[in-house]
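Note sheet for the following structure.
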Amino acid sequence: MEDTRFYSIAIRERLERRLNSDVYHSQTFAGVMRLVEEEGDGFDLAILDLCQADAANGEALDFVMSRGIPSIVFSGISSDRKREELLSRDVVDYVAKCSAGSIDLLMRAVERFLSYASASILVYDARGARSPLLESLSGGAHPFIVAARESEAMRILDHSEGVQLALIDADAGMADCAVFIDRVQQRYHQDRLRIIGYSTQPRDGDVAEFFRSGGDDFVHLPVTASELLGRIDHMLALQAHIHSLRRMASRDYLTDLYNRRYFYDRGPKLVETGLRQGQALAMGLMDIDHFKRLNDTYGHEVGDVVLKAVAKRLLHHVSNTPHMAARLGGEEFGVLLVGVEMQQALDCCEKLRQDIGDIRIVVGDEEISVTVSIGLAAITDEESFDNYLNAADQYLYLAKNSGRDRVFSDCQVARMAVA
């Protein structure tokens, strides 16, 4: 809820571009009430000014919080007392508009909350449910999962992206901690997990050895619940900040899809995990048909509009799935499909092709349609990541030579061989 045109446009544009989120805007308290009634209570977050023409005394904040919607106050009222008052009411954050870089501060608060709010904690302790840490954790804001064996801990990490912090028992020996940390670092990307060690038996050199192994913090038990939860909050806030920086570095500036560098960094790890778990995998390579001609005819500005429109449809198809999509360069996009058999992958790409075919770009009095060609190759064995892309590229070549605006895969080759 924001009635200043500059702030409302800037905030909405940056939220949509950086978070790929649905953003609803209202200038008034009445509009906020209408949105909540129409859309239900499924909002992840509200950003509210305290004072509006029809709500001068924070009525909008009271209403939104009464519906259980987390809220960030973005207000022109700059007061330490007001900030303390609002934070005591469990407002997510308070950002003053008059501060330097206030929109940047607001974006960081939003990204920190969305990452931090969904975080859960892994406790790796051979004592399992008898771990001395669990009673203190039960008073915290984040759910925790207990693993008594390393294989169980790794399985939890494989299947739960929400785990952002691990608490690991060091009583069994620092060597076991070092092995666990090393396996985590080998299997996942560098910033997958923050790790805190703990021990009831302080030994000289343990803390230094834990840090040398790659751990992030260490606690000697017993410790007060407030200190433990404070350390956890600090680590999760650090993790949220790292994720925010990593997200910005991993995105294509124009389309907000993952960029080539991230696709080549994250893709092999997804393939390795998928093959290890026996999942079906496929690599897709998509190219916009006649894109050079489109650029030459209508200009690069229109070309950029087409790229963003295609990326938006692609992002829609992979959102809320384990699949990953990226802009690899120019008009070429990569899609790694995880957990779907070849026929399902083919159906997915066919639906994507048809959806993109419905795009219409208006240029003056003319309407431009867009088509794509897609090559799709199954991933069945452990090979170099380039090999998977090269296989998909060969099918993409066949799709273009067969008339464009189509999907070509192993299935078509098999049918052609039978025919």
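The values are calculated or read from the model by the stated rules, or taken from the named source; none is laboratory data. If you're wondering where the values come from, they're calculated on a predicted model, not measured in any experiment. Glycine also receives a Cβ, built like all others from the backbone with ideal geometry; neighbour counts cover every protein chain displayed.
Annotations
- Checking Gln279 against (1) in a loop (DSSP other than H, G, I, E, B); (2) closer than 26 Å to Met154 by Cβ; (3) out of contact with any strand residue (DSSP E or B) (no Cβ under 7 Å at 6 or more places or on another chain), the condition it does not meet: (3)
- Cross-chain or 6+ apart pairs with Cβ under 8 Å, region 1-18 first and within 11 Å of Ile47 (Cβ to Cβ) and in contact (Cβ under 8 Å) with a residue 60 or more places away in the chain, then part of a helix (DSSP H, G or I) and not polar (S, T, N, Q): Glu2/Ile11; Tyr7/Ile103; Ile11/Ile103; Ile11/Leu106; Leu15/Met107; Leu15/Val110
- Sole residue being touching a residue at least 12 places away in the same chain (Cβ under 8 Å) and within 24 Å of the chain's Cα centre (by Cα), chosen from Asp125, Asp158, Asp104: Asp158
- Meets criteria (modelled with pLDDT under 85 and assigned by TED's automatic domain parsing to the domain that holds Leu238) for Arg127: no
- Listed by position, the helices (runs of 4 or more DSSP H) enclosed by region 79-145 that each have at least 1 residues that are polar (S, T, N, Q) are 102-116, 134-137.
- Boolean, Asp347 is touching a residue at least 12 places away in the same chain (Cβ under 8 Å), more than 25 Å from His159 (Cα to Cα) and within 26 Å of the chain's Cα centre (by Cα): no
- Leu167 falls short on exactly one of the conditions (1) crowded, with 16+ Cβ neighbours inside 10 Å; (2) out of contact with any helix residue (DSSP H, G or I) (no Cβ under 7 Å at 6 or more places or on another chain); (3) in a helix (DSSP H, G or I), and that condition is (3).
- Restricting attention to region 20-65, the residues that are over 30 Å from Ala309 (Cβ atoms) and surrounded by 17 or more Cβ atoms within 10 Å (Cβ to Cβ) add up to 15.
- Wholly within region 320-419, helices (runs of 4 or more DSSP H) carrying at least 1 residues that are closer than 30 Å to Ala249 by Cα: 342-357, 385-401
- Of everything in region 128-155 that is of a type in the set (S, T, N, Q) and without any contact (Cβ under 8 Å) to a residue 40 or more places away in the chain, the residue that is nearest to Asp182 (Cα to Cα) is Ser151.
- When region 1-19 is filtered for residues that are surrounded by 13 or more Cβ atoms within 10 Å (Cβ to Cβ) and farther than 19 Å from Ser244 by Cα, the ones remaining, listed by number, are Met1, Glu2, Asp3, Thr4, Tyr7, Ser8.
- Scanning region 247-266 for residues that are crowded, with 19+ Cβ neighbours inside 10 Å and either in a strand (DSSP E or B) or among the aromatic types (Phe, Trp, Tyr) (or both) turns up Arg251, Tyr258, Tyr262, Phe263.
- Gly284 closer than 20 Å to Ala392 by Cβ, in contact with a Cys (Cβ under 7 Å, 6 or more places away or on another chain) and either modelled with pLDDT of 95 or more or surrounded by 19 or more Cβ atoms within 10 Å (Cβ to Cβ) (or both): yes
- Restricting attention to region 170-216 and to residues that are surrounded by fewer than 19 Cβ atoms within 10 Å (Cβ to Cβ) and of a type in the set (Phe, Trp, Tyr), the residue that is modelled with the highest pLDDT turns out to be Phe211.
- Which numbered condition Asn57 misses (of (1) touching a helix residue (DSSP H, G or I) at 6+ places or on another chain (Cβ under 8 Å); (2) in a loop (DSSP other than H, G, I, E, B)): (1)
Yes/no matrix, rows are residues, columns are (1) in a helix (DSSP H, G or I); (2) without any contact (Cβ under 8 Å) to a residue 40 or more places away in the chain:
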| residue | (1), (2) |
| --- | --- |
| Tyr198 | no, no |
| Pro202 | no, yes |
| Phe211 | yes, yes |
| Leu229 | yes, no |
| Gln239 | yes, no |
| Pro268 | yes, no |
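- Screening Tyr94 with (1) surrounded by 15 or more Cβ atoms within 10 Å (Cβ to Cβ); (2) within 26 Å of Ser244 (Cα to Cα); (3) out of contact with any helix residue (DSSP H, G or I) (no Cβ under 6 Å at 6 or more places or on another chain); (4) of a type in the set (Ser, Thr, Tyr) gives one miss only, at (3).
- Some residue of region 267-276 being in contact with a helix residue (DSSP H, G or I) (Cβ under 7 Å, 6 or more places away or on another chain), crowded, with 18+ Cβ neighbours inside 10 Å and closer than 30 Å to Asp304 by Cα: yes
- Failed condition for Asp90, given (1) in contact with a strand residue (DSSP E or B) (Cβ under 8 Å, 6 or more places away or on another chain); (2) of a type outside the set (Val, Ile, Thr); (3) closer than 19 Å to Ala237 by Cβ; (4) outside the structural domain of Leu221 (by TED's automatic domain parsing): (1)
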